[in-house]
Protein chains: 2
Amino acid sequence: MIMPRIKLSEVARLARTSTKTASRVINGDPRVSAATRERVQRAVTELHYRPDPLARSLRRGTDDTIAVVVDEVSDPFFTRVIGEIERMALDRDITVIVASTRRLAERERTVLDGLAHRRIAGLIVASVTDDHSYLRSAHYPIVFIDREAIGLEADAVLVDDRAGARMAVEHLLAHGHRRIAFVGDRLDIATVRNRLEGFQAAMSAAGITTPEEYVVHMEPQLTEGRHAVERLLALDEQPTAIFSANTRCSLLTLPTLHRTGRTDVAFVSFGDFAMADALTPGVSVVNHSPELIGRLAADRLLRRLAGEKLAAETITAPLEVLARGSGELAP
Amino acid sequence: MIMPRIKLSEVARLARTSTKTASRVINGDPRVSAATRERVQRAVTELHYRPDPLARSLRRGTDDTIAVVVDEVSDPFFTRVIGEIERMALDRDITVIVASTRRLAERERTVLDGLAHRRIAGLIVASVTDDHSYLRSAHYPIVFIDREAIGLEADAVLVDDRAGARMAVEHLLAHGHRRIAFVGDRLDIATVRNRLEGFQAAMSAAGITTPEEYVVHMEPQLTEGRHAVERLLALDEQPTAIFSANTRCSLLTLPTLHRTGRTDVAFVSFGDFAMADALTPGVSVVNHSPELIGRLAADRLLRRLAGEKLAAETITAPLEVLARGSGELAP
DNA sequence: CACCAGTGGGTAATCGATGTCACGCGCGTT
DNA sequence: AACGCGCGTGACATCGATTACCCACTGGTG
């Protein structure tokens, strides 16, 4: 299976021709006689020859590899996005390399810079920074996911964060809630910021002023998240409902609610997750399919790699509210 | 940030020396005079030179890239393993490429074969096949995770599947259960097979014969999993407890139990998952940390890459029963 | 009959970095 | 004074595949 590395010259020798002609056959150049082509092909299969992707990349200046850069590989949302991208890429013999920014702008720059020196064919990135103009000189197509490109014309596959948050809030309002809290993490990340804006817009539209303490930021620290939620539930004016800005936050908030027996608090999560429907009550979510987002992004990138000339486009993936119980609790 | 590709020869020219000497400086060869070294270093920083990893790999014959091959990138267990590996690798400027086998032996071969032609520095693999002798000629270190190497001396980071299954069964037995069912998927995969063996060994040891219908195999099809569980609960002699062989199966089984209101059935899962402790009742698990497994595997591989000579070793990650309620229900 | 176009195929340069090897210089030996 | 040695250095080959460019041969044409 792992051969003593065969080179093109050996194939050529066996086929009694030059490396150039062998190369032509392999790359489907038509200007080779049928007889020669035949000989080369036999030699290829006989020796189990496979071109060295490295040497090929060096010469051609491109590589059959795409990079996917996300916050964290193990984030339940990105995990599924990556899974779908990898599936589509592997079917086309394209290799996927992954890297995570850990939501650090500085690290994102390091990672992208390192990638620029590899000759990747394309990039799919969930960026945590807010200026991508320096990527303008990149010689490969880029598709942004989850967060839009700023200062750069590029494809993006997004969900309408504001609309989604609004949908969640309106859902809670419709079930009689007025004291609704927002749980999010890092506000310097566009996704969270936009969802907070949507939340606040929906609240104002309903004529409700949200007290400051109702907007909770939990850092990725597990314990801090727990404390933040506990503080929220210890307020004099307790919220009767919570909107969680993303899956990560939901995964931190819900165990606390369950542990403290506060499942009477209504809850809507932006982003679905495993077991959401098995909890008691089932967790209502604003659903956006990570697989769909991955597929749309990969499709866009692969089409560009296949040579299609496309104008930069922002694709918005659909959102829907899945009512499972927790979002329909009465205040 | 993305420079118009600077080559070593340009650095050399600016430093008024040869490419070879410039290369020496960059690779820390001591046999360069301080003055020359200085000139080259200035040229490097001035031009923002970074060696082309591709060309370097071609010449050196190795690449600072490790491959991780697992069943499915989005599997909740492997996701976390990958996250940890990626974290450790990136800290050392090593790139990670991922690929999934989708649990198909044939695909695993294709993927590994493709990898063999890239010049990866190392491989971490959760194999679904049962003969790895063909990897003997691989020129890079390999660490197996989750499933051991067969026909090949190599490092492996495993959990004791039989012992874990036994622990789960004994836990259920201790709480009075005798009618215990096994839920697993693909028996051709060693992990599942071993856990079934452990299950059966523990049952026999307790003098209990498990009826055939108590051993359920669900294919990764969601609907089939659901039906299998429903059939199990429709038996005349219903089991009072279920042991699930892995997270994937738990994620298929539990929603069915909850939807049909059969949370009176005791349940132990091999492998923890998000929200397990927030369900009602909390899900008892045999816990093995994916992060720890990832870390152990990556550490082993990175140490080999750093040149340490180590004998092939099988490392067994610890297991523990986390009692959260579902495994302590009375029959 | 000499010339031109078209087709199949070879030679050598190239991609960018690194290993091989030999060279020149200064210095200590005998 | 000739020799040898070590050190810093650079010209050149090399990794494996692709490509720019050139050549040989065939057949048709003026």
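The values are calculated or read from the model by the stated rules, or taken from the named source; none is laboratory data. Note that this is a predicted model, so its numbers are computed, not measured. Cβ placement follows ideal geometry from the backbone for every residue including glycine, while neighbour counts extend to all protein chains displayed. Surface areas here come from the heavy atoms of the whole protein model, side chains and all, with no ligands, DNA or RNA. Shrake-Rupley method; radii C 1.70, N 1.55, O 1.52, S 1.80 Å.
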Could you tell me which GluC sites (Glu not before Pro) in the range A:219-268 are loop residues by DSSP with no more than 10 other beta carbons within 10 angstrom of their beta carbon? A:Glu237
Remind me, relative contact order of the range A:161-287 in percent, using alpha carbon pairs under 8 angstrom and six or more residues apart? 27 percent
Interface area, B with A, accessible, probe 1.4 Å, both sides summed, Å² nearest 100: 5200 Å²
Largest-first ellipsoid semi-axes for the range B:12-94, taking √(5λ) over the Cα gyration tensor eigenvalues, angstrom: 38, 13, 10
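Rounded, prolate or oblate: which fits the range B:161-287, taking a ≥ b ≥ c as square roots of the Cα gyration tensor eigenvalues, rounded meaning a/c under 1.5, else prolate when a/b beats b/c?
rounded
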Relative to the Cα centre, what is the charge dipole magnitude of the range B:161-287, using +1 at the beta carbon of each Lys and Arg, -1 at the beta carbon of each Asp and Glu, and rounding to the nearest 20 debye? 120 debye
Expected unfolding gain across B:Arg109-B:Asp91 under the 0.36 nm per residue rule, minus the alpha-carbon gap, is 3.5 nm
Any residue on another chain or 5+ positions along whose placed amide H is under 5 Å from the amide H of B:Asp155 is listed here as B:Ile142, B:Phe144, B:Glu313
How large is the helix-only mean residue ellipticity at 222 nm for the protein assembly as shown, computed as the sum of -39500 (n - 2.57) over DSSP H runs with n ≥ 4, divided by its residue count, in deg cm²/dmol to the nearest 500? -13000 deg cm²/dmol
From largest accessible area down, sort B:Leu305, B:Leu123, B:Leu251; use a 1.4 Å probe on the protein chains. B:Leu305, B:Leu251, B:Leu123
Check which residues have an amide H placed less than 5 Å from A:Gly282's amide H, if you skip close sequence neighbours. A:Ser326
So, R0 is 41 Å and r is the distance between the beta-carbons of B:Arg42 and B:Leu322; what FRET efficiency does that work out to, to 0.05? 0.10
Please compute the net charge surrounding A:Ala156, taking Lys and Arg as +1 and Asp and Glu as -1 over other residues with Cβ under 11 Å from its Cβ. -3
In units of 2.2 N^0.38 Å, the Cα radius of gyration of the range B:1-42 is 1.14
Log entry: pair-distance distribution for the protein assembly as shown, C-alpha pairs binned every 20 Å from zero, whole % per bin is 17, 45, 31, 8, 0
Please give the helix A:290-305 orientation as an angle from the longest Cα principal axis of chain A, in degrees from 0 to 90, rounded to the nearest 10. 30 degrees
What distance in nm lies between label points placed 7 Å from Cα along the C-beta direction at B:Arg31 and B:Gln238? 8.1 nm
With just the Cα atoms of chain B, tell me how far they stretch along each of the three principal axes, in Å, largest first. 88, 39, 31
The extension gain from A:Glu153 to A:Arg179, computed as 0.36 nm times the residue separation minus the Cα-Cα distance, is 5.3 nm
Relative contact order (percent, whole number), the range B:1-150, Cα cutoff 8 Å, 6+ residue spacing: 19 percent
The answer for B:Ile97, listing residues at least 5 apart or on another chain whose modeled amide H is closer than 5 Å to its amide H, is B:Ile66, B:Ala67, B:Val68
Can you tell me the orientation of helix B:105-117 relative to chain B, as the angle in degrees between its alpha-carbon axis and the longest Cα principal axis, to the nearest 10? 10 degrees
What is the distance in Å between the Cα centres of the range B:120-134 and the range A:144-222? 44 Å
Calc'd 3J(HN,Hα), the range A:136-147, phi into Karplus 6.51 cos²θ - 1.76 cosθ + 1.60 (θ = phi - 60°), Hz, glycine/Pro = x, comes to 4, 8, 4, 9, 10, x, 10, 10, 8, 10, 6, 9
Protein accessible area in the range A:161-287, 1.4 Å probe - carbon and sulfur %: 49 percent
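Considering only the other residues whose Cβ falls under 9 Å of the Cβ of B:Val98, what net charge follows from Lys and Arg at +1 and Asp and Glu at -1?
-2
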Placing the label point 7 Å from Cα along the Cα-to-Cβ direction, what are the distances from A:Lys309 to the equivalent spots in the other copies, shortest first, in nm to one decimal? 6.1
Show me, for the range A:29-44, the HN-Hα J-couplings you get by feeding each phi into the Karplus relation (A = 6.51, B = -1.76, C = 1.60, θ = phi - 60°), rounded to Hz, glycine and proline as x. 5, x, 7, 9, 5, 4, 4, 4, 3, 4, 4, 5, 4, 4, 4, 4
Part-to-part distance (alpha-carbon centres) for the range B:23-97 and the range A:1-54, which is given in Å: 32 Å
Reachable lysines, given that their alpha-carbon falls under 17 Å from the alpha-carbon of A:Lys20 and they are not under 8 places away in the same chain: A:Lys7
What is the distance, in nm, between label points placed 7 Å from the Cα along the Cα-to-Cβ direction at B:Glu212 and at A:Thr260? 5.4 nm
Quick one: with label points 7 Å out along Cα→Cβ, list the inter-copy distances for B:Asp130 in nm, shortest first? 5.7
Residue-by-residue Karplus 3J(HN,Hα) for the range B:47-55, coefficients 6.51, -1.76, 1.60, Hz, glycine and proline x: 8, 6, 5, 9, x, 6, x, 5, 4
